[in-house]
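Below is one structure, written out as structure tokens; comments come after it.
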Amino acid sequence: MLRADSALFAAIVRTQLAAGDDDYPLRIERLRYDARPYGTPSGYPEVFAGVQGIDPTLTFARAGESAMGELIDNRKEILQRTSVAFGAPVEYRQCAGVRVPPPPPPRKSAGAARSKPVDVHAGCPKSLEYYVTVGLPIRGQPEGLKNSRDTRGRRVALRGDVWTMLVDEHSMGPRGWSWSQYAWLFKRDRSGRFDLAATILIGVVE
């Protein structure tokens, strides 16, 4: 688990840093990673978008307590070597999702002063920020993702030495926040290197 996690996590960071502006994964500025799997103290997903045919309690790996500290330290070392910022998410109060509409104006009573509309994005950051979490290694392509369309529209059914990682991307900016969950599928070649084979969008919340 430790060896696979370190290699796959490093491959995700390496791919993200080398990404361009055309296809997903896209290059991200002001990027910050959480070294904890799924970004949770338990190392297990507390929010799961859900894929038909997948039971997360059975499918998604969970590291034991004794291994979790070493696994997180390995991830921090990878982020330090690549000069990528890491840490827990920054909380912004009064920052709603990008698709949250402004509330209706309060009813005006006779003689009352006109009230100012509520800005649901008043507490959002002035420039766009990204916070990324990465799950634990999953051996193979989960059944619920087989023959799913990837982010390029292709059907994906991989064979060979395949591994899956859940990557959650949280964006926060002047217009609000959004959250996207992807499955990144890797194939390992004969030299042991993990190469990204496909990315599948699992869910979006805005």
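Computed quantities for the displayed model
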{"item": "For T40, residues with placed amide H under 5 Å, excluding near neighbours", "result": "none"}
{"item": "Amide N proximity, the range 179-195 versus L201 label position 7 Å along Cα-to-Cβ, cut-off under 11 Å", "result": "180-182"}
{"item": "Extension gain, R159 back to Q80 (0.36 nm per residue minus Cα-Cα distance, nm)", "result": "25.1 nm"}
{"item": "Simple spin-label estimate for L2 and V118 in nanometres, 7 Å along Cα-Cβ", "result": "5.0 nm"}
{"item": "Per-residue ³J(HN,Hα) for the range 148-157, Karplus 6.51 cos²θ - 1.76 cosθ + 1.60, θ = phi - 60°, Hz, x for Gly and Pro", "result": "6, 7, 7, 5, 9, x, 8, 6, 10, 9"}
{"item": "Anisotropy class of the range 77-206 from Cα gyration tensor, a/c 1.5 cut", "result": "prolate"}
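Values quoted throughout were computed directly from the atomic coordinates according to the rules given, and no laboratory measurement underlies them. The structure displayed is predicted, hence computed values, not measured ones. Heads up, the Cβs are rebuilt from the backbone with ideal geometry, glycines too, and the neighbour counts pull from every protein chain shown.
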